[in-house]
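Below: one structure, written as structure tokens.
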Amino acid sequence: MKKPFQSIDEVSRALKKEKYICDRKLATVIYLAFQMEKPLLLEGEAGVGKTELAKVLSNALDRRLIRLQCYEGLDTHTAVYEWNYTKQILRIKLAESNQECLDNFRNIFDEEYLIQRPLLEAIRSEAHGKHVSLLIDELDRADEEFEAFLLEVLSEYQITVPEIGTLKAKTKPLVVITSNRTRELHDAIKRRCLYHWISYPSLEKEYEIVTTKVPQIAEELAMKICSLMQQVRQMDFYKRPGIAETLDWVSALLLLNRSHLDAETLEETMGCLFKYQEDMERVQNEDLAVSWAEALRS
Amino acid sequence: MTHRGTSAAHLGRPGDFVLNSLHFARQLKEKGLPVTLGRTLDALRGLRLIRLEDREEAHSLFSTHYVSRPEELPVFDAVFEEFWSSKIRPAPLEAKRQMQPETIPPLTLPGEMEPSADHTENERQKISYSSQDIMRKKDFAAMLEAESQDAAQLIMALTRDLGLRLGRRWRAGAKGKQVDLRSSIRSSLRHGGELLALRKKRRQPRKTRFVVMCDVSGSMDSYSRFLLQFMYGFQRHVPRVETFVFSTRMTRITPLLRMRKIDAAYALIEEKVFHWSGGTRIGSCLAEYNRR
């Protein structure tokens, strides 16, 4: 089968076309993930573009993105498949009133009554020759049991629905798993994946991202904002702002259409950067807005 | 061994790169990274997909296979830097061909010996297996591991009953108090849609999360090594633990203790925790914990 990317440079180019700036290391890992047909495990602080990468990749390849958002208590009913009980009951009632015979209930356990959840959907698509990307977002939030189940799916790429049979993907979908490290993922999962830690971007990279994503911004201002963000990340905040926060902030500033940035404007827009009361309080108590405004003006 | 054949063809120097990769893997293992044969095989398979002359690509290939926690990245970087720095720099191809495939290739290539013969000699010793230095280190680690075996048993006994609470997930069970509607209806289908028996469900007990806080101020100095070992064992055998140490300040060491080898964890902690054996400010540290 023809693999989607022929070289590492092609990966970088394709992502750049979708306005995603990635360094060579990440591009190499993505290329390897396609070539070796392994899932990609991305970890990093919040807001560095882990989920975004999955979206952008499926855009670049023109594949459908199937997303499974993990949460505590996620089970197979919501991740793989579920029978539409209500519909089944209604069907039985209907059969009853029409005096019709349902032989062995086979009729009510067919596809019509099957609710597909993300994992089954992805495997089915691949089984029918349609490529998809599967994003398993924030796997660290799911329970360990689900992780163990996922392990099975990821090694065999097949799912068994007892009433229907076993579905096996003919080709492997691109699987992107993200984790915020609220807990450590199991070693067995890590072993099966290609691991990449996305760190906060360097000044140059952040500048490139900002000017690519928000081209309306003046270059000089973008540079100043980016170097300010680098400083902010050095400080000891509870939740340091990621690149997503930078982009939010830049867009907010543009929307407000302020030609010059004073302390007041900064304070008004701090909500874009900090999401915790403690951090906001610190900005206020230490008059950081004032000194940052000065840094931006100079 | 088809991959080996192709990668060797790629390189124009048989066997050499594969062997060196194995040495590299072993050094990483010594430093406490989770190196397994499977990972190494995968990494070797990946070798033919990248351009070996490109350092960054090689770095990515190996790190994506051997690193699985951000704390391991600096360790990996250091070993990678030391191991491959003299290798990847282009050396004349003839020099590479002179290598004897059946002997263990030294780290530095013969063509690069000029700068200092001493240095090469040192490097050679580093990878030769029975170097005393390494053995001593290993014994030390082994001793600690053995001790922590005993500690582990105690810890398991301590924590077994400590932390069970009811979880949010349901499990079917006859002792349950609540009716499991879905399961009941499902089972009723067997009898033609008549609800004959009610299925019950109950909450499944689950493990509590632990927070371990340890005083490592000066007055506790003589115990702190033992305590560290305790915390290491605790975190290793009990899921969902957060570990903090405090004296005048408070530091979260959960990620540091996740290293495979206990002395790797010690080294990391020595590096990251500055306030070891300082004074004690319990109040402010607890306050800081609460704030977080």
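Residues in the range B:247-292 that are under 24 Å from the mean Cα position of the chain (by Cα) and without any contact (Cβ under 8 Å) to a residue 40 or more places away in the chain: B:250, B:251, B:252, B:253, B:254, B:257, B:266, B:267, B:270, B:271, B:272, B:274.
All conditions but one from (1) crowded, with 18+ Cβ neighbours inside 10 Å; (2) under 30 Å from residue A:184 (Cβ atoms); (3) under 21 Å from the mean Cα position of the chain (by Cα) apply to residue A:14; the one that does not is (2).
Scanning the range B:36-80 for residues that are in contact (Cβ under 8 Å) with a residue 24 or more places away in the chain, under 23 Å from residue A:183 (Cβ atoms) and either more than 7 Å from every other protein chain (Cβ to nearest Cβ) or not hydrophobic (A, V, I, L, M, F, W, C) (or both) yields B:39, B:65, B:66, B:68, B:69, B:70, B:71, B:72, B:75, B:76. Of all residue pairs spaced 6 or more apart or on separate chains, those with beta-carbon atoms under 7 Å, a first member in the range B:18-34 that is free of Cβ contacts under 8 Å to residues at least 12 places away in the same chain and a second member that is of a type in the set (A, V, I, L, M, F, W, C) are B:29/B:35. Among residues of the range A:178-204 that are at positive phi, none has a Cβ under 9 angstrom from a residue that is among the β-branched types (Val, Ile, Thr) at a sequence gap of 6+ or on a separate chain. Could you tell me whether any residue of the range A:2-22 is at pLDDT 90 or above and under 19 Å from residue A:154 (Cα atoms)? Looking for residues that are at pLDDT 90 or above and under 19 Å from residue A:154 (Cα atoms), one finds none in the range A:2-22, hence no.
Look through the range A:131-179, keep the residues that are of a type in the set (S, T, N, Q) and farther than 27 Å from residue A:31 by Cα, and return whichever of them is farthest from the other protein chains (Cβ to nearest Cβ).
Ranking the qualifying residues of the range A:131-179, first place goes to A:166.
Looking across the range A:225-236 at every residue that is over 24 Å from the mean Cα position of the chain (by Cα) and buried (at least 16 other Cβ atoms within 10 Å of the Cβ), the one that is nearest to the other protein chains (Cβ to nearest Cβ) is identified as A:232. Taken over the range A:107-147, residues that are of a type in the set (Lys, Arg) and closer than 21 Å to residue A:187 by Cα amount to 1.
Going by what's in this entry, would residue A:258 be described as under 20 Å from residue A:50 (Cβ atoms) and either surrounded by 13 or more Cβ atoms within 10 Å (Cβ to Cβ) or away from every other protein chain (no Cβ under 14 Å) (or both)? For residue A:258, the condition - under 20 Å from residue A:50 (Cβ atoms) and either surrounded by 13 or more Cβ atoms within 10 Å (Cβ to Cβ) or away from every other protein chain (no Cβ under 14 Å) (or both) - is not met. The single condition among (1) at pLDDT 70 or above; (2) more than 12 Å from chain A (Cβ to nearest Cβ) that residue B:176 does not meet is (1). Counted as qualifying within the range A:200-293 are the helices (runs of 4 or more DSSP H) with 1 or more residues that are more than 30 Å from residue B:288 (Cβ to Cβ), namely A:203-213, A:219-234, A:243-256, A:263-273. Restricting attention to the range A:96-110 and to residues that are at pLDDT 70 or above and at the interface with another protein chain (Cβ under 9 Å from one of its Cβ atoms), the residue that is surrounded by the fewest Cβ atoms within 10 Å (Cβ to Cβ) turns out to be A:96. Looking for something part of a strand (DSSP E or B), at pLDDT 70 or above and more than 19 Å from residue B:254 (Cα to Cα) - is there at least one such residue anywhere in the range B:192-199? No, every residue in the range B:192-199 fails to be part of a strand (DSSP E or B), at pLDDT 70 or above and more than 19 Å from residue B:254 (Cα to Cα). Scanning the range A:84-137 for residues that are in contact with a Phe, Trp or Tyr (Cβ under 9 Å, 6 or more places away or on another chain) and among the basic types (Lys, Arg) yields A:87, A:91, A:117.
The single condition from (1) farther than 26 Å from residue A:204 by Cα; (2) touching a residue at least 40 places away in the same chain (Cβ under 8 Å); (3) not basic (Lys, Arg) that residue A:284 fails is (2). Checked against the criteria, residue A:59 counts as in a helix (DSSP H, G or I), under 30 Å from residue A:210 (Cβ atoms) and not aliphatic (A, V, I, L, M).
Entry remark, the range A:1-51: residues being assigned to a loop (DSSP other than H, G, I, E, B), under 25 Å from residue A:248 (Cβ atoms) and in contact with a strand residue (DSSP E or B) (Cβ under 7 Å, 6 or more places away or on another chain) number 2 in total. Considered as a group, the residues in the range B:247-292 that are assigned to a helix (DSSP H, G or I) and among the polar types (S, T, N, Q) include one that is farthest from residue B:236 (Cα to Cα), and that residue is B:284.
Of the residues making up the range A:124-140, at least one is of a type in the set (Val, Ile, Thr) and within 25 Å of the chain's Cα centre (by Cα).
Within the range A:271-295, the set of residues being buried (at least 17 other Cβ atoms within 10 Å of the Cβ) and aliphatic (A, V, I, L, M) comprises A:273, A:283, A:288, A:289, A:293.
Here residue B:108 meets the list (1) buried (at least 18 other Cβ atoms within 10 Å of the Cβ); (2) at pLDDT 50 or above; (3) out of contact with any strand residue (DSSP E or B) (no Cβ under 8 Å at 6 or more places or on another chain) almost entirely, failing just condition (2). Within the range A:19-27, is even one residue touching a residue at least 12 places away in the same chain (Cβ under 8 Å), more than 13 Å from chain B (Cβ to nearest Cβ) and of a type outside the set (A, V, I, L, M, F, W, C)? There is at least one residue in the range A:19-27 that is touching a residue at least 12 places away in the same chain (Cβ under 8 Å), more than 13 Å from chain B (Cβ to nearest Cβ) and of a type outside the set (A, V, I, L, M, F, W, C). Scanning the range A:74-95 for residues that are part of a strand (DSSP E or B) and facing chain B (nearest Cβ under 9 Å) yields a single hit, A:83. Counting the residues of the range B:275-292 that are within 14 Å of chain A (Cβ to nearest Cβ) and within 13 Å of residue B:246 (Cβ to Cβ) gives 5.
The values are calculated or read from the model by the stated rules, or taken from the named source; none is laboratory data. Because the structure is predicted, anything quoted here is derived from the model rather than measured. Cβ: placed from backbone, ideal geometry, glycine included. Neighbour counts: every protein chain shown.
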